[in-house]
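Right, one structure below, let's go through it.
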Amino acid sequence: MAEPRLIRDYRTVLAARLPAELAEEVADGLEQTYRHHLAAGRDPQAAAEAAVAEFGAAETITAAITEVSPARHAARILLAAGPLVGGCWALVLINAHAWTWPVPILARLAFGATLAVVIALLVVAAFSARYRTTERTAAAALIGLAVLDLTLPGALVLPGVLQGWPVALAAALSLARATFAARAWRRIHST
């Protein structure tokens, strides 16, 4: 027996919006619901309509899966932590009069541009309605954030340019965030 078009269209939406494993898992649930309605004596079209009505629209299902994705969760945590970590580094750099340091303008611009791109990627990952967009932008942001969080401590703390407990706190927060980013990246790519 051929699968009703409604079920095929549902599967197409799932395949377009979710990774294959998740799409197949959801489609299996829909298929079971469809077969349940067939077994209850409904004709194939009525069973398909009842299954979709009971199961929920594909768009609703994919939005719900996106809402609880590890990528979205990580992006939201990192956006919330950003002001704390950034504020600590800002205080350290202001107290050290970092604007007087002989840092090339291109290095300053590159750091600032990278930070702006990472923040933009985190915002997209935190609020996108599409699973793949959330996953890809979060993965890119996590890599960028880990690089940034390793750059400041690596360039300023390890060589002894900056010292003291505020610097140690800022460096510790950066390293903790970089560790979180690495673990989140692994979680995203294990699904």
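Each reported figure results from applying straightforward, stated rules to the coordinates on display, with no laboratory input. Here the structure is a predicted model, which is why all the values come from computation and not from measurement. Neighbour counts are summed over all protein chains in view; Cβ atoms, including those assigned to glycine, are modelled from backbone coordinates with ideal geometry.
Springs between alpha-carbon pairs under 10 angstrom, Gaussian network model over the chain: which of A64, A141, A40 fluctuates most?
The residue with the greatest mean-square fluctuation here is A40.
Most mobile of V52, V85, V103 per a Gaussian network model of the chain (Cα springs, under 10 Å)?
So, out of V52, V85, V103, the one fluctuating most is V103.
For segment 1-105, what's the relative contact order in percent, using C-alpha pairs closer than 8 Å and at least 6 residues apart?
Reported as a whole number, the value is 23 percent.
Mind giving me the nanometre distance, one decimal, between the label points for A116 and T133, set 7 Å out from Cα along Cα→Cβ?
2.2
Read phi for every residue in segment 83-95 and hand back ³J(HN,Hα) as whole Hz from Karplus 6.51 cos²θ - 1.76 cosθ + 1.60, θ = phi - 60°, with x for Gly and Pro.
x, 5, 5, x, x, 4, 5, 4, 4, 4, 5, 5, 4
By counting other Cβ atoms within 10 Å of each Cβ, how are L148, L22 ranked from fewest to most?
Lowest count first: L22, L148.
At 0.36 nm per residue, and after removing the present C-alpha to C-alpha distance, how many nm does the segment from A81 to A16 gain when stretched out fully?
Length difference between fully extended and current span is 20.2 nm.
Going by C-beta contacts inside 10 Å, put Y131, Y10 in order with the fewest on the left.
Y131, Y10
Could you give the longest part of the chain that holds none of the trypsin sites (Lys or Arg not before Pro) found in DSSP loops with at most 16 neighbouring Cβ atoms within 10 Å?
43-129
Show me, for segment 141-149, the HN-Hα J-couplings you get by feeding each phi into the Karplus relation (A = 6.51, B = -1.76, C = 1.60, θ = phi - 60°), rounded to Hz, glycine and proline as x.
Here the 3J(HN,Hα) series is 5, 5, 5, x, 5, 4, 4, 4, 6 Hz.
Once fully extended, how much extra length lies between Q163 and N95, figured as 0.36 nm per residue of separation less the alpha-carbon to alpha-carbon distance?
23.3 nm
Which is farthest toward the positive dipole end of the chain among A120, L169, A51, measuring Cα position about the Cα centre, with Cβ charges +1 (Lys, Arg) and -1 (Asp, Glu)?
Farthest towards the positive end: L169.
If the only charges are +1 at each Lys and Arg Cβ and -1 at each Asp and Glu Cβ, what is the size of the charge dipole of segment 5-65 around the Cα centre, to the nearest 20 debye?
Computed about the Cα centre, the dipole is about 160 debye.
Using θ = phi - 60° and the Karplus relation 6.51 cos²θ - 1.76 cosθ + 1.60, list the HN-Hα couplings for segment 26-35 in order, rounded to whole Hz, with x at every Gly or Pro.
Couplings: 5, 4, 4, x, 5, 4, 5, 5, 4, 5 Hz.
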